[in-house]
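The values are calculated or read from the model by the stated rules, or taken from the named source; none is laboratory data. As the structure is a computational prediction, the values presented were derived from the model and not from experiment. Cβ coordinates were reconstructed from backbone atoms using ideal geometry, including for glycine residues, and neighbour counts include every protein chain displayed.
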Amino acid sequence: MIHFESRAEICWFHEWIVVAVALALTGLTCAVLLSVFGFDPFVSLERIVIKPLSSTYGVSELLAKATPLITIGVALSLSFRAGIWNIGAEGQLIAGGLAGGAVALAFYGVDSFWVLPLTLLGGSLGGLVWGAIPAFLKVRFNVNEILVSLMLTYVALLLLSVMVHGPLRDPDGYNFPESRLFHDAAILPKLFSAGRGHVGFIFSLLFAVGATWVVKRWHLGFEMKVSGLSQRAACFAGYDRNQTIWISLLVGGALSGFAGVVEVTGTIGQLVPNISPSYGFTAIIVAFLARLHPLAVVPAGLLVALSYLAGESAQLALGIPGAATQIFQGMLLFFLLGTSLLVNYRIRFRRRL
Amino acid sequence: MHKFMMQLRTRVIVSLVAILSFGIVSADAAVKAGFIYVGPVADGGWTYEHDQGRLAIEKAYGDKVTTVFVENVAEGPDAERVIGQMANDGADIIFTTSFGFMNPTIKSAKQFPNVKFEHATGYKKADNVATYSSRFYEGRHVLGLIAGKMTITNTIGYIASFPIPEVVRGINAAYLAAKSVNPNVKFKVIWVSSWFDPGKEADAATALIDQGADILMQHTDSSAPMQIAEKKGMYAFGQASNMAAAGPTAQLTAIIDNWSPYYLERVGALIKGSWASSDTWGGFDTGMVELAPYGKAVPADVRQLADNAKKAIIEGRLHPFTGPINKQDGTSWLKAGETADDGTLLGMGFYVEGIEGSLPSAN
């Protein structure tokens, strides 16, 4: 009989080898699926996965797509470590994009260096406020932060919709619900001449490094971890649970808001009713792929971003339907979670007694 | 094991050579036409008809052309990347087939000056960006006549997407035509803020029928409203494509967007090297707007009326926007006998007199 036995200690090497195994298994399954559908798996995988990355343009777009995933993924890995389940990063992203976009539009035509920093600050504050609501309700009334933050996502989406249908609508846009294009002063500088990769990516790397430092070196990081592992232990140690809640959700909100404003000023260049293809939710997957290590969020974010690009190039190069992207992503997640089981548990084969 | 690795390596090398040579061949011999779709090809409406145009190109030009498409591209941050990826992948001409792709198209056109872009239903052009649309309002006029004649409750339900001129124009054209044959007709409009959302469209259709509408019109892309009409025993008009499959008895007729003539002409021009940026707005006369065969429920006199109107529009004897027409607020828009100019039609942001309710933007 097969038994799963919890491992007392988890070797760091094991943690990462499963990722490699999961990747290999995903590639293998994709190859099998592709050959079943009559495509040459080697040619196909090369065209789907490698070719998008063989140009500056492709790399630039990959970084643009990964930026919000990494920024939010870092925030979520901190918060999930502390056992604060901020599911509404999407809403905080939208609130940040809206607030930052409003600042950019308010100073439309002002050609000064401070417009962009102010816009970024506005966006972060917008997300911060959106994260503060579930934090306040949890600390004051012990309301479940999962529900509040999730519901606030829809409020943010509707608020953005109202604003782009009304006050922030492009005066020359023939009533189409979108704002005018931002002035150049409010546009994030690009990293390359091709594609839309922008300096927001550098910020996301800094966040990942900063968060790792907090987790490894600061007492606060330790407190949050203990609080996440065992609230009672944290309580006996005299750690302030409320402080953990506030920090988790405020940092989560501010970083998600920053991701939102970076998205509107970096890749979109205007406010539209849909500024995010569910980055806030996808970042949850990214955080868990990274096993809640802030630094590992960087490769995890890049990988998930690549899976989106791969889905598009699969359509372009092979004419595979768009739904195939979701199959690839689903397989990746399935194998990752499946193999993670082997990290946390040891398989024992025992004879029946 | 070693043998397997050898085979693998040979395999990879062969593949790489194949890819490289394919790239060279396709770059030399064929024009590559790309299409960006806002919905799925199987929507049975707007996107389906654009894809029919793509297939017509493949059929007509054979190995002189290759085509690619990406479906379900959201009008948001992803659009620009997909357009760019397509251009980067060697597309020579890219058709972006939804209004919301306008700014992404213009921005991509700047990054890829050697690629030609064609944007449907927008108003921003560039040296390498042409725009095209159809005079759907001519079709709406005929639909309005049929609806005005056939409604029993004198209430027409209208499922609208976004309050942009194209949509507002359609509502006005249909209402004016309906009113001309039935002075008591009323229009009820529901805005769903989406081009393709079968769930929302179905909800809107149900709500309109509950409010007394017995005929539905839509300016959204799915056949969900048609299915609701069929189920509830009401009538409806197909949008963008023949939706008779979704409503065999419900469909009175449908406006069919036939993009094939335009796509054939533009890709043909690119092959010949005579492509230039332009603005095309074709109606019944160009074949870009067509009507589906009338449903069984449409009586002979109404068919005659509809056929006559279509003929008159083609021959230039009838313009759907002919005065006297007042705006909703009672101010005069067109004097008796005056017809609307294209500029006003393209920027139409107001209801005509008699339509109730206000545009979602009028706040």
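List of remarks:
- Of all residues in the range B:190-205 being touching a residue at least 24 places away in the same chain (Cβ under 8 Å) and away from chain A (no Cβ under 14 Å), the one that is surrounded by the fewest Cβ atoms within 10 Å (Cβ to Cβ): B:GLY199
- Just so you know, in the range B:137-183 the residues that are more than 30 Å from A:GLY173 (Cα to Cα) and not in a helix (DSSP H, G or I) include one that is farthest from the other protein chains (Cβ to nearest Cβ), and it is B:ILE152.
- Options A:ALA156, A:ALA185: the member that is touching a residue at least 40 places away in the same chain (Cβ under 8 Å), more than 22 Å from the chain's Cα centre (by Cα) and closer than 27 Å to B:ALA79 by Cα: A:ALA185
- A Cβ distance below 6 Å, combined with a sequence gap of six or more or placement on separate chains, defines the contacts here; from the range A:189-214, residues that are hydroxyl-bearing (Ser, Thr, Tyr) reach residues that are not in a loop (DSSP other than H, G, I, E, B) in the pairs A:SER204/A:THR67; A:SER204/A:ILE70; A:SER204/A:THR71.
- Cβ-Cβ contacts under 8 Å between residues 6 or more apart (or on different chains), taken from a first residue in the range B:216-230 that is without any contact (Cβ under 8 Å) to a residue 40 or more places away in the chain to a second residue that is charged (D, E, K, R), are listed as B:ALA224/B:GLU201.
- Flag if A:PHE203 is aromatic (Phe, Trp, Tyr), assigned to a helix (DSSP H, G or I) and out of contact with any helix residue (DSSP H, G or I) (no Cβ under 8 Å at 6 or more places or on another chain): no
- Taken residue by residue, the range A:311-327 has no member that is away from chain B (no Cβ under 14 Å), crowded, with 18+ Cβ neighbours inside 10 Å and assigned to a helix (DSSP H, G or I).
One line per residue, one yes/no per condition, for (1) within 24 Å of A:ALA194 (Cβ to Cβ); (2) part of a helix (DSSP H, G or I); (3) acidic (Asp, Glu):
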site	(1), (2), (3)
A:PHE4	no, no, no
A:PHE42	no, yes, no
A:GLU46	yes, yes, yes
A:LEU63	yes, yes, no
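- Candidates A:TYR174, A:TYR279, filtered to the one that is touching a residue at least 40 places away in the same chain (Cβ under 8 Å), within 14 Å of chain B (Cβ to nearest Cβ) and of a type in the set (Phe, Trp, Tyr): A:TYR279
- When B:MET226, B:MET243 are checked against the criterion of being farther than 20 Å from B:VAL38 by Cα, touching a Gly at 6+ places or on another chain (Cβ under 8 Å) and either at pLDDT below 95 or buried (at least 24 other Cβ atoms within 10 Å of the Cβ) (or both), a single residue qualifies: B:MET226.
To keep it simple, each residue is scored yes or no on (1) part of a loop (DSSP other than H, G, I, E, B); (2) among the charged types (D, E, K, R).
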{"site": "B:ALA246", "(1), (2)": "yes, no"}
{"site": "B:GLY268", "(1), (2)": "no, no"}
{"site": "B:LYS310", "(1), (2)": "no, yes"}
{"site": "B:ASP329", "(1), (2)": "yes, yes"}
{"site": "B:TRP333", "(1), (2)": "no, no"}
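- Flag for B:GLY148 being closer than 16 Å to B:GLY238 by Cα, surrounded by 22 or more Cβ atoms within 10 Å (Cβ to Cβ), at pLDDT 95 or above and not aromatic (Phe, Trp, Tyr): no
- Breaking point among (1) in a helix (DSSP H, G or I); (2) of a type in the set (Gly, Ala, Ser); (3) surrounded by 15 or more Cβ atoms within 10 Å (Cβ to Cβ), for A:GLY83: (1)
- Count - residues of the range A:267-281 that are surrounded by fewer than 24 Cβ atoms within 10 Å (Cβ to Cβ) and in a helix (DSSP H, G or I): 1
- Which listed residue is charged (D, E, K, R) and either surrounded by 15 or more Cβ atoms within 10 Å (Cβ to Cβ) or in contact with a Leu (Cβ under 6 Å, 6 or more places away or on another chain) (or both), from A:ASP184, A:ASP170: A:ASP170
- Checking each residue in the range B:107-136 for being within 9 Å of chain A (Cβ to nearest Cβ) and under 19 Å from A:ALA64 (Cα atoms) picks out B:LYS107, B:GLN111.
- One residue stands out in the range B:53-80 among those that are in a helix (DSSP H, G or I) and closer than 16 Å to A:GLY319 by Cβ: the one that is farthest from the other protein chains (Cβ to nearest Cβ), namely B:ILE57.
- In this structure, B:GLY316 does not satisfy being within 14 Å of another protein chain (Cβ to nearest Cβ) and loosely packed, with under 13 Cβ neighbours inside 10 Å.
- Tally, over the range B:261-277, of residues that are surrounded by 20 or more Cβ atoms within 10 Å (Cβ to Cβ) and either closer than 17 Å to B:ALA174 by Cβ or under 18 Å from the mean Cα position of the chain (by Cα) (or both): 3
- Note on the range A:50-80: among residues that are surrounded by fewer than 22 Cβ atoms within 10 Å (Cβ to Cβ) and in contact with a Ser or Thr (Cβ under 8 Å, 6 or more places away or on another chain), the one that is farthest from the other protein chains (Cβ to nearest Cβ) is A:THR56.
- So B:GLN211, is it of a type outside the set (A, V, I, L, M, F, W, C) and either closer than 16 Å to B:ILE255 by Cα or within 14 Å of chain A (Cβ to nearest Cβ) (or both): no
- Take the conditions (1) within 30 Å of A:THR265 (Cα to Cα); (2) surrounded by 24 or more Cβ atoms within 10 Å (Cβ to Cβ); B:ALA74 misses just one of them, which is (2).
- Filtered residues of the range B:192-218 (kept if over 8 Å from B:GLY157 (Cα atoms), in contact with a strand residue (DSSP E or B) (Cβ under 8 Å, 6 or more places away or on another chain) and assigned to a helix (DSSP H, G or I)): B:GLU201, B:ALA204, B:ALA207
- Selection over the range A:193-208 of residues that are at pLDDT below 90 and either surrounded by fewer than 15 Cβ atoms within 10 Å (Cβ to Cβ) or among the polar types (S, T, N, Q) (or both) gives a count of 1.
- Count of residues meeting criterion [under 17 Å from B:PRO198 (Cα atoms) and in contact with a helix residue (DSSP H, G or I) (Cβ under 7 Å, 6 or more places away or on another chain)] in the range B:45-74: 4
- Annotation: of all residues in the range A:178-191 being of a type outside the set (D, E, K, R) and within 17 Å of B:THR105 (Cα to Cα), the one that is nearest to the other protein chains (Cβ to nearest Cβ) is A:LEU181.
- Residue, farthest from B:LYS116 (Cα to Cα), within the range B:278-307, restricted to residues that are among the aromatic types (Phe, Trp, Tyr) and under 18 Å from the mean Cα position of the chain (by Cα): B:PHE284
- Candidate set from the range A:217-266 (those that are closer than 18 Å to A:GLN92 by Cα and among the hydroxyl-bearing types (Ser, Thr, Tyr)); member that is surrounded by the most Cβ atoms within 10 Å (Cβ to Cβ): A:SER256
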